[in-house]
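The values are calculated or read from the model by the stated rules, or taken from the named source; none is laboratory data. Not measured: the values here are computed from a predicted model. Here the Cβ positions follow ideal geometry from the backbone for every residue, glycine too, while neighbour counts run over all protein chains shown. The accessibility values were calculated without ligands, DNA or RNA, using every heavy atom of the protein model including side chains. Shrake-Rupley method; radii C 1.70, N 1.55, O 1.52, S 1.80 Å.
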Amino acid sequence: MPEPEGDTQAAVGDQRNFRRYLRQEPVILALLSGLAVIFFVAVTALSHLYQAQQEFLGNRWFMRGTTDLKQRHFDAAVMEFRSALLYSRDSYAYRLNLAESLIGLKRTGEAYAYFINLWDREPENGLVNLELARIAAQKGETEPALRYYHNAIYATWPGDEQVQRRETRLELIGYLLNINAKAHAQAELIALAANLEDDPSQQARVGDLFVQTQDYEHALAERLELIGYLLNINAKAHAQAELIALAANLEDDPSQQARVGDLFVQTQDYEHALAEYRLSLKAQPHDPAALAGAGLAAFQLGRYNIAERYLQAAMSANPNDAQSAARLKTTALIMQMDPFQRQISVAQRDRIVLEAFAAAGQRLESCSAAGAAKGPATIPVAQPALSEEWAKMKPQITEPGLRRDPDLVNTAMELVFSIERQTSNACGAASETDAALLLIAKLHESN
Amino acid sequence: MKATNVDIPPNPSNATLLEERQSMPARPFLGRAPEAFMRLVFREDRFFLVLSVFIGIFAGLSVVCFRFAIAWCRIYLLGTGATLAPLRMVLAPSLAGLVIAVLVIHVFPLARGSGVNQTKAALYIYNGYIPLRTAVGKFITAALAIGSGHSLGPEDPSLQIGASLASALGRRMRLSRDRMRLIAPVGAAAGLAAAFNAPISAVLFVIEEVIGRWTAGILGSVVLAAVSSVVVMRWFLGSESMFRIPAVQLERPSELIAYSVLGVIGGLASVAFSSGIATLRSRCRALPAWTQYFQPAVAGLLIGIIAVLGAPQVMGAGYLYIDEAMHGQFTWQMLAVLAGLKIIATLLSFTSGTPGGMFAPTLFIGAMLGASVGGAEHVLFPHLSGSPGTYALVGMGVLFAGFLRAPMTSVFMVLEVSGNYSIILPVLIANTFAYLISRSLQPTAIFDVLTRQDGLELPSMEEQREEGTLRVEDAMRPASGALLDAVLNAHDSLDQVFQRWDATLPDVRLVRLDPTGWSSVTRQALEIMVKEGKGDLTLGSALSGRQLPFLHPDNPLETALRYVDRWPLLPVVSRADFRKLEGVISQPDVLKRYQLFGEGGDTPE
C-alpha cells in the first residue's frame, strides 16, 4: 500500500537525519568551545600587552604630572594628569592629583566636580574631605564646609594621621573664627587641646586661638601648660618669651598673676616676676605666696631693702615659711655687711670693712687648711697669692688707716670679694657671713 | 453538510488559545528513550540558545580586540598625550582617510557605513547573511578611522562585527532559515553590549530597532548573547561605569522644567543633525565615483583643521571630553560651540563614507549640549541644583532618543553608562520631549533615511509602532439575527431562520453551547436534520462536538484572516465572558475593512 511505504521511508530518512544531527552537534559544540578557549588565550596575551602599555603610559604621564605639581606648574600638571587619565580612566590617584592641580589653578568648579566623585568612591578620604571643605568655605556654604571639615578630622590620612587631623582641626577653627562662630571654635579648641601633644609651637598656637575666641581661661591654661613643658625641658628662654606674651594678655586675676610670677621665677626672669607679684599684691596685699615670691624676686635682683620688706610681710602672713625666713636672714645680713650702702656713717662703714676683711681672712685660712688636707694639688693657684695679699694688706686695714685713706675701703673690699669668690669656687658653701659677702660682691659687680 | 473540526497549527495568538489547546495533535511516542532524550536536549531552539552564548563570547572577544586596535591606532597616529600636536591632528585623519577609502572601495565594500542598517538588511533581505569579510573590514577600517581622529564611534561597528560573526557561525551550523535571520541581530546585540558595557540597552536597542518584536525564544537568545559578551568584555577591561556623576537630588519638582527645556532643545538639535546627514550624504553620493577615494581624506583634513583651530575635542569618539564636560571644564558657551562643531565633524566623517558609528558622536553632542543648556540655565536660575554632569548625562539620553529614535533604549543607556538611578526622572521627561519633537518635525528616522538612500526598503520599526493596527472590532458587525439558542430544536430553529432571515448574513447561524463554546449551523444542515427525523433534537446536543474558534474585539484583524476562509461566520466574544457575544465576523467583513483601509478611509488610531 503506497501510503504506509511512503510513511516508512520518510520515517527512516528522518531517523538518519536526526542521527547525523546528533553526531554533528556535540562535535560542533566541542569545537566551538575549543575555539573559544583558543581565542580567549590569544586575547588574554594581547590584553597583557595592552594593559602593560596602558599602565606604562599612564604612569609616565602621572609621574610627570606629580613633578610639575610639586613645582607648582599647575597648567602642565593638569595636562599631564588628563593624559594619564586617558590610560586609566578610573584611577583614583590620577583624578585626585588632577583635582589638586585644578585647585592650584583656582579652577575650583572643575576641581569640585572631581572631588565630589572621589568622595562618592571613598567618603573616608581625609584629603578629599578637606578640599571639599575648603571649596565650600570659599563659596560661603557653611553647613557643607563644617560637615566636610568634620569628616576630614575623623577620616583616614596617609602618613601621620594625628598631625593631619590636628592641622585639619586647626584649619576648621580658623574658619570658624573667620565666620565669627566663636563658641563653635572654642568647642573645637577644647577638643584639640585635649589631644595635643607636647609640642611648644602647637600649644602656643592653640593658646593664641583660645585668646581669639576670648576664652581666656583655656588660653591661660594652654599657655601655662606650654610654659610648664618648656621649663621641664629646660627651654628657659622660650618659656620666658611665652610668659612675657602671656603676661601681656593676662586679665586682672591676682592668682593668675601670682602664678605667672612663679613661672617667671622659674625662668629666672626676676624682673618680670617681681612685676607680676606686685600686680597680684595690689588686689591681694596679704597673699603669702605672692609676698614670698616678690621677696624672692627682689632678693635675686639685689634689691635687698625691697626684698626685706616683702619677706617680712611674707613671714607675718605665713610664719612657717622657712625659705622666706632664711632669705630674710640673709637679706638682713647683707644689709648689715654692705659697706657701700647709702646712708651709713663712715665709722659704720669702716667697722663693716674691718669685719669683712677679717671674715675674708678666716675664709682663706679655712679654705687653705681644707685644701692642704686634700692635697697641695687641690689648692687653686691664685689662693696663695690672695693669702699673701691679704697678709700684706692686713696691717693697713684699721680704723685709722681706713679714715686716712678712703680709697683703701674699695681696695680692701675688692680683695675681700676676690677672696670670697675664689674660696667659693674652691671650697664651696661657706658661712652665712661669707655667703652675704658673696652676694654683696655680685651686687656690686652688676652695678 | 457535515461540519468537521480541522487541525489547526499552533500559533501564538491569544484569541485562538482555546482552539490550540483543543486541536493540538499529540506528539508521537518515539519508542527509544536515549533518542527521545537527545531529541529533547538538542532541539534546535535550545541549541540556538547555547549558540547564542558562544556568539556572545566571540563577539565580546572581538570587541575587546577592536578597542585595543583603536587605542593603538590613536597612540601611534595621534600621540600619547591628551594634547595633540597640530601636524598630527591634520595629517593623521587625512592620510588615514586615503587608506580607508582604498580599503573600502576595493577590499571591503560592505564595511562602509555605521553597520546598523546593514544588520537590518541581513535580517530582512539576505536571510541573515553577512560575509565574515565584512567583520574583518569593519574592524580594520573603523579602528583606523576612529584612532586617527575621525568623528565616529566604535559602537555601531562593534554591532556589525558581532552580527557578522554570528552570521558566519550560523552558516557553519546550517541553521534553518528562520534561525539564520535571527542570528545576525543576536550577534549585533552581543557586539553592542560589549561596546557600551550596557547589556540592557543593547538588548532593547536590537529589539526596538532591528528586530521590532520579541518572543521568548528571541529574547532568550539576545539576552544570553549580550550577557556573555559583557562578561567577556568586563573580564578584560573592567566593569566600571563609563561615566561617574554624583547622585541627583531634585530639590523641587519644578526643576524638571529645566530638563524639559533641554529635551526641547535636544529634539531640535536632533532634527538639525539628522537633516544634515541626510542632505550631505545624498550630495556626497551624487558626486563622481572617483571622488570617493578622496572624500574620507577631505573629511579628515577638515576635521583636523577644526581641531587645530581650537577644538581638538571633536576628534575621535570623544569620551574623555564628555568626562571633562561632566566635570565642568568648559564654559557653557564653549560647550555649545563644541556641540555644533561635533555635529559638523560627524557629518563630514559619516557622509564621506568612512566606516564608523554615530552612537558615540551622538552621546558627545548630547553631553555638550546638555551641559551647555544646564550652564545657561544656571546663569538664569542659580538655585537649580543639577550639576554640569547631570545635565550632560541627560543630554546624552536626549540626543539618543531624538536622533536615533530609540526612546526606551535611551533611558536605559543613560542608567547603565552612569550606574546612577537617581537621574531617572529627568531622563524620562527630557527624552520624551526630544523624541516627540524630533518625530513631529522629521517623521522619518535617520536609519530609515539612510536605507532609502541606499535603495533598500527595510521595515521601519518606528513606523510599524506608529502604524494603526486594524482590529476585529473594526470589521465585526452586530450579532443581532445571527444567534440561535442551543435549546431550540431543528424545527424551531428553521422557523426562526426563515422568519428573521438577514440576507446580508452568510447562510449560517451561530449557536451558543453549554457550558462554554460556540458552534454554527447552516440552514441546509437544519433542513437535513429535519428530513432525517432529528427535528426534535436540540441544537446543543446535535452540535456539541463541533466547536468553532472565537475571536475577541481587540485581536488584530489579521488573526481573523486565518479562520474566516474556513468558517463563514465567527463569533466575537468578550474576554470577561466567553458566552457574551460582542459581534460576528465573516470573510467579506474582513476584506471590506482592509479595502477601506487601503483607500485611506477611516484609519485606525
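Listed here are the residues, each with its yes/no results for (1) modelled with pLDDT of 95 or more; (2) open to solvent by 20 Å² or more (accessible area, probe 1.4 Å).
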position: B:ILE100; (1), (2): yes, no
position: B:TYR124; (1), (2): no, yes
position: B:ILE130; (1), (2): no, no
position: B:ASP156; (1), (2): no, no
position: B:ALA163; (1), (2): no, no
Cβ-Cβ under 8 Å pairs, at least 6 apart or on other chains, the range A:86-109 side buried (at least 22 other Cβ atoms within 10 Å of the Cβ), far side assigned to a loop (DSSP other than H, G, I, E, B) and at pLDDT below 95: A:TYR94/A:SER88
query: Can you find a residue in the range B:123-132 that is aromatic (Phe, Trp, Tyr), farther than 30 Å from A:VAL27 by Cβ and in a helix (DSSP H, G or I)?
result: yes
query: B:ARG46: surrounded by fewer than 16 Cβ atoms within 10 Å (Cβ to Cβ), under 29 Å from the mean Cα position of the chain (by Cα) and either within 11 Å of chain A (Cβ to nearest Cβ) or at pLDDT 85 or above (or both), yes or no?
result: yes
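Could you identify the single residue in B:SER176, B:SER201 that is open to solvent by less than 10 Å² (accessible area, probe 1.4 Å) and polar (S, T, N, Q)?
B:SER201
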- line: Looking across the range B:70-85 at residues that are in a helix (DSSP H, G or I) and more than 10 Å from every other protein chain (Cβ to nearest Cβ), the single one that is most open to solvent (accessible area, probe 1.4 Å) is B:TYR76
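Might you check whether a residue that is more than 14 Å from chain A (Cβ to nearest Cβ) and either in a helix (DSSP H, G or I) or charged (D, E, K, R) (or both) occurs anywhere in the range B:380-389?
Looking through the range B:380-389, at least one residue is more than 14 Å from chain A (Cβ to nearest Cβ) and either in a helix (DSSP H, G or I) or charged (D, E, K, R) (or both).
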task: Output the residues belonging to the range A:410-430 that are touching a residue at least 12 places away in the same chain (Cβ under 8 Å) and not in a helix (DSSP H, G or I).
output: A:ALA430
query: Restricting attention to the range B:417-435, which residues are open to solvent by less than 40 Å² (accessible area, probe 1.4 Å) and in a helix (DSSP H, G or I)?
result: B:VAL417, B:SER418, B:ILE423, B:ILE424, B:PRO426, B:VAL427, B:ALA430, B:ASN431, B:ALA434, B:TYR435
query: Restricting attention to the range B:277-301, which residues are among the basic types (Lys, Arg) and either closer than 10 Å to B:PHE350 by Cα or at pLDDT 90 or above (or both)?
result: B:ARG281, B:ARG283
field: Scan of the range B:212-227 for residues that are on the phi < 0 side of the Ramachandran plot and either out of contact with any helix residue (DSSP H, G or I) (no Cβ under 6 Å at 6 or more places or on another chain) or surrounded by fewer than 24 Cβ atoms within 10 Å (Cβ to Cβ) (or both), ordered by number
entry: B:ARG213, B:TRP214, B:THR215, B:ALA216, B:GLY217, B:ILE218, B:LEU219, B:GLY220, B:VAL223, B:LEU224, B:VAL227
message: Here are the criteria: (1) modelled with pLDDT of 90 or more; (2) out of contact with any Ser or Thr (no Cβ under 7 Å at 6 or more places or on another chain); (3) in a helix (DSSP H, G or I). Tell me which single one A:GLY58 does not satisfy.
response: (2)
Condition broken by B:GLY583, with the remaining ones in (1) touching a residue at least 24 places away in the same chain (Cβ under 8 Å); (2) assigned to a loop (DSSP other than H, G, I, E, B) satisfied: (2)
message: Where the second residue is among the aromatic types (Phe, Trp, Tyr) and open to solvent by less than 60 Å² (accessible area, probe 1.4 Å) and the first is over 14 Å from B:ALA258 (Cβ atoms) and lies in the range B:428-440, which pairs have Cβ atoms under 8 Å and are six or more apart or on separate chains?
response: B:ASN431/B:PHE400; B:SER438/B:PHE403
- prompt: For the range B:105-118, does any single residue satisfy the condition of being surrounded by 20 or more Cβ atoms within 10 Å (Cβ to Cβ) and within 14 Å of chain A (Cβ to nearest Cβ)?
  reply: no
statement: Scanning the range B:525-563 for residues that are in a helix (DSSP H, G or I) and among the β-branched types (Val, Ile, Thr), the one nearest to B:PRO588 (Cα to Cα) turns out to be B:THR559
- line: Filtering the range B:401-416 down to residues that are more than 16 Å from B:SER460 (Cβ to Cβ), open to solvent by less than 10 Å² (accessible area, probe 1.4 Å) and not hydrophobic (A, V, I, L, M, F, W, C) yields B:GLY402, B:SER410
- prompt: Which of (1) more than 8 Å from every other protein chain (Cβ to nearest Cβ); (2) open to solvent by 50 Å² or more (accessible area, probe 1.4 Å); (3) out of contact with any helix residue (DSSP H, G or I) (no Cβ under 7 Å at 6 or more places or on another chain) does A:MET79 not meet, given it meets every other one?
  reply: (1)
- request: Please state which one of B:LEU470, B:LEU484 is touching a Pro at 6+ places or on another chain (Cβ under 7 Å) and open to solvent by less than 50 Å² (accessible area, probe 1.4 Å).
  value: B:LEU470
- request: Give the number of residues within the range B:228-257 that are open to solvent by 80 Å² or more (accessible area, probe 1.4 Å) and charged (D, E, K, R).
  value: 3
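Determine which member of the set B:ALA122, B:ALA145, B:ALA135 is under 30 Å from the mean Cα position of the chain (by Cα), within 14 Å of another protein chain (Cβ to nearest Cβ) and closer than 24 Å to B:VAL64 by Cβ.
Only one candidate passes the filter, namely B:ALA135.
Does A:ARG121 meet the test of being modelled with pLDDT of 90 or more and open to solvent by 70 Å² or more (accessible area, probe 1.4 Å)?
Against the criterion (modelled with pLDDT of 90 or more and open to solvent by 70 Å² or more (accessible area, probe 1.4 Å)), A:ARG121 does not qualify.
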task: Among the residues of the range A:157-181, write down those that are surrounded by fewer than 18 Cβ atoms within 10 Å (Cβ to Cβ) and modelled with pLDDT of 90 or more.
output: A:GLU171
- prompt: Has the range A:55-64 got any residue that is more than 8 Å from chain B (Cβ to nearest Cβ) and among the aromatic types (Phe, Trp, Tyr)?
  reply: yes
